[in-house]
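To keep things clear, I will list the structure first and then write my remarks on it.
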Amino acid sequence: MQYEGRHIKRFARTGRLEDLEAPPSLSEVFHENTKLTPISARAYGVELGRVNASPLIKKLISGPYKVYSLGPEVPLDPVAPASPLEQVIARRRSVRRYSGEALRMEEVSRLLYFGYGITDAQQRFRAVASGGALYPLEIYVLPLCVDEMEAGVYHYNVEDHGLDLVRRGLDRERLEACVNFREIDLSGAALVLVVTAIFQRTTIKYQDRGYRLLLIEAGEVGQNLGLTATSLGLASCMVGGFLDDELSRLLEVDGQREAPLLPMVFGRAGSEAEASR
């Protein structure tokens, strides 16, 4: 936390630590204003329904790319996946139907390590690029059907590459009330991971600009997790809709200094797996 001189003087006068709290930054205000609540989620759902029902809007968003039709075009060579990495990238899809089969602990371990683990033990670098190598993200593990792992809420301890138990037991109804799994067959899924951010790790150095950096990093972690799942023969799906404060309470984080950014579902694809993107 960065403090102005007046905050230090107030602390010296009152001895109260809470008086040191700096006013909310623009990034904090933005994050709070974009949280979903039970009421705003309903309004958001109505708006999404309007968009989905509009042929004009659906046509406008059906081609999400930019074309310079009047300028000269330089053709590129045709591409087919060649290396193992290219093949994994080409195969990755968001899958919403799962078989109900359990995951193995080894698979969970690989997901976490190649998603956000320390891949350079000497310099402590991780599996993604991070602004200033500050690594503001955390991962919480919610096993639904994992061999040799009891239900609960766990935290990925990146230092020891292990799992810290946050709370025993997982209320699936509460989880489904927090996260919009509407199109996802959670009953057949095996694992939910939730990426959170401790904002101050980045914003203390880069201020409001740091908020952009940690969102970029969350996207990198999500892509790593999706590609690792594909390489292991697993299916995955990112979820953008969730009630922020309710999910924070489920994870036992405060929702302000540390807050959820990205839930992801994993499992083995069902026989009628639905892939979209």
Right, E107: charged (D, E, K, R) and over 19 Å from the mean Cα position of the chain (by Cα) or not? no
Residue among E138, E148, E106 that alone is in a loop (DSSP other than H, G, I, E, B) and either closer than 29 Å to D185 by Cβ or in contact with a helix residue (DSSP H, G or I) (Cβ under 8 Å, 6 or more places away or on another chain) (or both): E148
In the stretch 97-106, how many residues are touching a residue at least 40 places away in the same chain (Cβ under 8 Å) and open to solvent by 70 Å² or more (accessible area, probe 1.4 Å)? 4
Mind checking which pairs have a first residue in the stretch 77-91 that is β-branched (V, I, T) and a second that is surrounded by 12 or more Cβ atoms within 10 Å (Cβ to Cβ), Cβ under 8 Å, 6 or more apart or different chains? V88/L227; V88/T230; V88/S231; I89/P81; I89/L227
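So if I check each of E258, E252, which one is modelled with pLDDT of 95 or more, among the acidic types (D, E) and surrounded by fewer than 18 Cβ atoms within 10 Å (Cβ to Cβ)? If you could, list the steps in order and put the result at the bottom.
Details: E258 fails: surrounded by fewer than 18 Cβ atoms within 10 Å (Cβ to Cβ).
Checking each option against the conditions leaves just E252.
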Just to be sure I understand, how many residues within the stretch 201-243 are of a type in the set (A, V, I, L, M, F, W, C) and touching a Ser or Thr at 6+ places or on another chain (Cβ under 8 Å)? 7
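Please list, ordered by residue number, the helices (runs of 4 or more DSSP H) wholly in the stretch 178-260 having 1 or more residues that are among the β-branched types (V, I, T). Steps first, answer last, please.
On the way: elements: 200-206, 209-231, 244-251.
Once the helices (runs of 4 or more DSSP H) in the stretch 178-260 are filtered for at least 1 residues that are among the β-branched types (V, I, T), what remains is 200-206, 209-231.
If you scan the stretch 27-50, which residues turn out to be small (G, A, S) and either touching a Gly at 6+ places or on another chain (Cβ under 9 Å) or open to solvent by 70 Å² or more (accessible area, probe 1.4 Å) (or both)?
Correct list: S27, A41, G45.
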Hey, could you check the stretch 51-69 for residues that are under 30 Å from E220 (Cβ atoms) and over 30 Å from the mean Cα position of the chain (by Cα) and say which is least open to solvent (accessible area, probe 1.4 Å)? V67
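Here's the yes/no breakdown for (1) surrounded by fewer than 17 Cβ atoms within 10 Å (Cβ to Cβ); (2) within 24 Å of G270 (Cα to Cα):
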| position | (1), (2) |
| --- | --- |
| G71 | yes, no |
| A82 | yes, no |
| V95 | no, yes |
| G115 | no, yes |
| I139 | no, no |
| Y154 | no, no |
| L165 | yes, no |
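Is there a residue being under 26 Å from S130 (Cα atoms), β-branched (V, I, T), in contact (Cβ under 8 Å) with a residue 12 or more places away in the chain and in contact with a Cys (Cβ under 9 Å, 6 or more places away or on another chain) anywhere in the stretch 212-224?
Kept after step one, since they are under 26 Å from S130 (Cα atoms), are these residues of the stretch 212-224: 212-224.
So of that shortlist, the ones also β-branched (V, I, T) come out as 216, 221.
Filter again for in contact (Cβ under 8 Å) with a residue 12 or more places away in the chain, leaving 216, 221.
Subsequent filtering for residues that are in contact with a Cys (Cβ under 9 Å, 6 or more places away or on another chain) retains none.
No: zero hits.
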Filtered residue count, the stretch 167-199, keeping only those that are crowded, with 21+ Cβ neighbours inside 10 Å and free of Cβ contacts under 8 Å to residues at least 40 places away in the same chain: 0
Report yes if L163 is in a helix (DSSP H, G or I) and either closer than 19 Å to Q256 by Cβ or of a type in the set (A, V, I, L, M, F, W, C) (or both), otherwise no. no
Can you name every residue in the stretch 116-135 that is assigned to a strand (DSSP E or B) and either free of Cβ contacts under 8 Å to residues at least 24 places away in the same chain or under 13 Å from L225 (Cα atoms) (or both)? T119, D120, F125
Looking at (1) farther than 30 Å from I198 by Cα; (2) assigned to a helix (DSSP H, G or I); (3) free of Cβ contacts under 8 Å to residues at least 60 places away in the same chain, which is the only condition Y113 fails? (1)
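The values are calculated or read from the model by the stated rules, or taken from the named source; none is laboratory data. Predicted model only: the values in this text are computed from it and were never measured. No Cβ is skipped: glycine too gets one built from the backbone with ideal geometry, and neighbour counts run over all protein chains shown. Areas reflect the complete protein model, heavy atoms only, side chains present, ligands, DNA and RNA absent. Shrake-Rupley method; radii C 1.70, N 1.55, O 1.52, S 1.80 Å.
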